[in-house]
Amino acid sequence: MTLRSILIHPDPRLKKVCEPVPDLTDELRELADDMLQTMYDAPGIGLAAPQVGITKRLIVLDCVKEEGATPRPLVMFNPEVVASSDERSVYEEGCLSIPDQYAEVERPSEVTVRWMDRDGRLQEETFADLWATCVQHEIDHLDGILFIDYLKPLKRQLITRKMQKLKRERARA
Ligand SMILES: [Zn+2]
């Protein structure tokens, strides 16, 4: 497995609508494994393929955060929200492509998601709480949507400027 480098906003690859994955290949499974390792290493609870520069519909997540609890890595190809609750909840979100910036985002509290797993099997599950927020955040990435797109323009611009500065600093380092 290889750690992949995570793109930092703003980057045109983070704004693309990603292509569906028609068939699983060893290369795609390897990409999923790399993404999980990259996510745990960051550390983060979710990562979408466009964040590592691959514009395909693939996300990975694991929202088990308690120390010592069994991890639950999920690999989702072509994930799709098939139902969402009317009830909404607010979570403070962050993103590995927008380091150290957090903001409250309101989303449906529960979502039912259908996806193809690492073995090519179709899965469907209803997620709540942090899992629901995380899976919606990651699926958004596949449509070129970032959590800051839900914020007021001024706040979004402020964060974008900070990220531009961060990228300049990193380029110089
Ligand atoms: Zn993100």
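One table, with the values for the structure above:
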read-out: Given (1) of a type outside the set (K, R); (2) crowded, with 17+ Cβ neighbours inside 10 Å; (3) in contact with an Asp or Glu (Cβ under 6 Å, 6 or more places away or on another chain); (4) under 26 Å from Q157 (Cα atoms), index of the condition I6 fails; value: (3)
read-out: Residue count, region 31-64 (criterion: assigned to a loop (DSSP other than H, G, I, E, B), on the phi < 0 side of the Ramachandran plot and within 16 Å of the ligand (Cβ to nearest atom)); value: 9
read-out: Residue among L158, L166 that is over 16 Å from Y91 (Cβ atoms), in a helix (DSSP H, G or I), in contact (Cβ under 8 Å) with a residue 24 or more places away in the chain and of a type in the set (A, V, I, L, M); value: L166
read-out: Out of R168, R172, R161, sole residue that is away from the ligand (no atom under 16 Å from the Cβ) and within 16 Å of P12 (Cα to Cα); value: R161
read-out: V75 being under 24 Å from T126 (Cα atoms), out of contact with any Asp or Glu (no Cβ under 7 Å at 6 or more places or on another chain) and of a type in the set (V, I, T); value: no
read-out: Selection from region 23-57 of residues that are under 20 Å from Q136 (Cβ atoms) and either touching a His at 6+ places or on another chain (Cβ under 9 Å) or in contact (Cβ under 8 Å) with a residue 60 or more places away in the chain (or both); value: A32, I45, G46, L47, A48, A49, P50, Q51, R57
read-out: Whichever residue in region 95-112 is touching a Phe, Trp or Tyr at 6+ places or on another chain (Cβ under 8 Å) and near the ligand (Cβ under 8 Å from one of its atoms) and, among such residues, is nearest to P10 (Cα to Cα); value: I98
read-out: Identity of the residue in region 20-30, surrounded by 14 or more Cβ atoms within 10 Å (Cβ to Cβ) and in a loop (DSSP other than H, G, I, E, B), that ends up nearest to the ligand (Cβ to nearest atom); value: V21
read-out: Within region 67-108, tally of residues that are out of contact with any helix residue (DSSP H, G or I) (no Cβ under 6 Å at 6 or more places or on another chain), outside any strand (DSSP E or B) and not aliphatic (A, V, I, L, M); value: 8
read-out: Candidates V17, V113, filtered to the one that is in contact (Cβ under 8 Å) with a residue 24 or more places away in the chain and in a strand (DSSP E or B); value: V113
read-out: Residue check for K152: under 13 Å from H9 (Cβ atoms) and modelled with pLDDT of 95 or more; value: no
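The values are calculated or read from the model by the stated rules, or taken from the named source; none is laboratory data. Computed from a predicted model, the values in this text were never measured in an experiment. All Cβ positions, even for glycine, are placed from backbone atoms using ideal geometry, and neighbour counts span all protein chains on display.
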